[in-house]
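To start, the structure under review is shown below, and the notes come after it.
The values are calculated or read from the model by the stated rules, or taken from the named source; none is laboratory data. Remember, predicted model here, so these are calculated numbers, not experimental data. So basically every Cβ, Gly included, is an ideal-geometry build from the backbone, and we count neighbours across all protein chains shown. Areas reflect the complete protein model, heavy atoms only, side chains present, ligands, DNA and RNA absent. Shrake-Rupley method; radii C 1.70, N 1.55, O 1.52, S 1.80 Å.
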Amino acid sequence: MSKITLNAIARAAGVGVATVDRVLNRRAPVRAATEQKVLEAAQRLGYQLGPVAPINGSIQSARVTLRMGFVLLSQSYSFYHALTDALRQQTQPLHPSGTEPQFYWHDIDDVEAVVASLYTLAEQVDVIGLVALDHPLIRHAIENISRQGVRVYTLFSNFSPCGHAGYFGLDNQKAGRTAGWVASHLLHQPGSVGVLVGDHRFTCQESCEISFRSYLREQDSSRRVLEPLKTHESIDGGYHATRQLLEEHADLALIYAPCGGVEGVIQALRQQPQRKVALICHGPVKEGELALIDGTITVMIRHEIEDMARQLVRTVQQHVEPGTHFSQVTLPFEIITRENL
């Protein structure tokens, strides 16, 4: 048995450890040129190679096994509890026996921790799913990791081009304009409109906010849409941002919250039941159905989380070679009211 490590071969070949593992242990196909680089590096270092079946031959007929890891936002928001459960359930069958998907969770503005988790996962997995800010440091990490042969897919919020393998999420322009359409049918009296976002670099929410604002401007140019406040994707952040809106704007008529921390928004609105403020939010949200029933949430735009996880699994199985295909999968959303629960 050779004592040459996979890390040493990866450095010699200029690829990631996951790519070396795929080639030497036949876990999944890679490009012929990449495979050749790995095999040559292994031979130079004295790694004892066993018989290698042709990558474009019988190995492709075998069941694809992939190791997957995920970097998500903090579990303090119930949305990411549900997302974690769906991803674990759907991706576990892809994994080699005795392994399971890996998860890291970080606060939305902890950019350095997100980057560290990406590099850690890149040494251990073939595919990474990521929910994070479109930050230059994170994009730089994705570029490096993708060059190593690890595929990175952005979930719910996309990035500027940085070598990632695909995006799974809503048509956020459509979601924002849908929220604007709902708001225009709810706003029968004068009053200002508040908007909450997790962070301004969260591109999915930025697009929702812009599209929401654009629709209302088209329909009622006199309607005052306030500058967005940040929730930091946390319950506490949602609570304090909503309290600020309520305290600073006596004419507040509606809040649009395409963000995390909606539980905090609900809490703040329930503390002032005499104020009739409509709430359009994205979900699912913990106990969101009860909030719809009691009228705290007026309308919810609900993501189909389990469908996203299924679509991700289907896509990573179909496109096993890094760098050959960008997958953009637009997910459906539901419009939920108390009457269609």
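Using the rule -39500 (n - 2.57) for each DSSP H run of four or more residues, divided by the residues of the chain, the 222 nm mean residue ellipticity is -13000 deg cm²/dmol.
Here the spin labels are modelled as points 7 Å beyond Cα on the Cα-Cβ line, and at residue 45 and residue 184 they lie 6.1 nm apart.
Rolling a 1.4 angstrom probe over the protein heavy atoms with all chains in place gives the range 155-275 an accessible area of 42 Å² per residue. Close Lys pairs in the chain (alpha-carbon distance under 29 Å; sequence gap of 8 or more, or different chains): 7. Among 288, 264, 46, the largest mean-square fluctuation in a Gaussian network model of the chain (Cα springs under 10 Å) belongs to 46.
Kindly provide log₁₀ I(q)/I(0) values, in the same order as q = 0.14 Å⁻¹, from the Debye equation applied to equal alpha-carbon scatterers of the range 228-341. Result of the Debye calculation: -0.63.
How would you classify the range 172-302 from its alpha-carbon gyration tensor, with a ≥ b ≥ c the square roots of the eigenvalues: rounded for a/c under 1.5, else prolate if a/b is greater than b/c, otherwise oblate? Judged from the Cα gyration tensor, the range 172-302 comes out rounded (a/c under 1.5). Close amide H partners of residue 255, meaning residues 5 or more places away or on another chain with modelled amide H under 5 Å apart, are 194, 278, 279, 280. Dividing the Cα radius of gyration of the range 262-319 by its Kirkwood radius returns 1.22 for Rg/Rh. The apolar share of the surface of the chain, taken as the fraction of accessible area on carbon and sulfur atoms (1.4 Å probe, ligands and nucleic acids excluded), comes to 48 percent. Please say if the range 102-258 is rounded, prolate or oblate, where rounded means a/c under 1.5 for a ≥ b ≥ c the square roots of the C-alpha gyration tensor eigenvalues, and otherwise the choice is prolate for a/b larger than b/c and oblate otherwise? Verdict is prolate for the range 102-258. When peptides 185-196, 299-310 are sorted by average Cβ neighbour count within 10 Å, with the highest value leading, the order is 299-310, 185-196. Estimated at 0.36 nm per residue, the fully extended path between residue 140 and residue 226 surpasses their Cα-Cα distance by 27.6 nm. Would any residue of the range 293-322 have its amide N under 17 Å from a label point 7 Å out along Cα→Cβ of residue 287? List them or say none. Backbone N within reach: 293-298.
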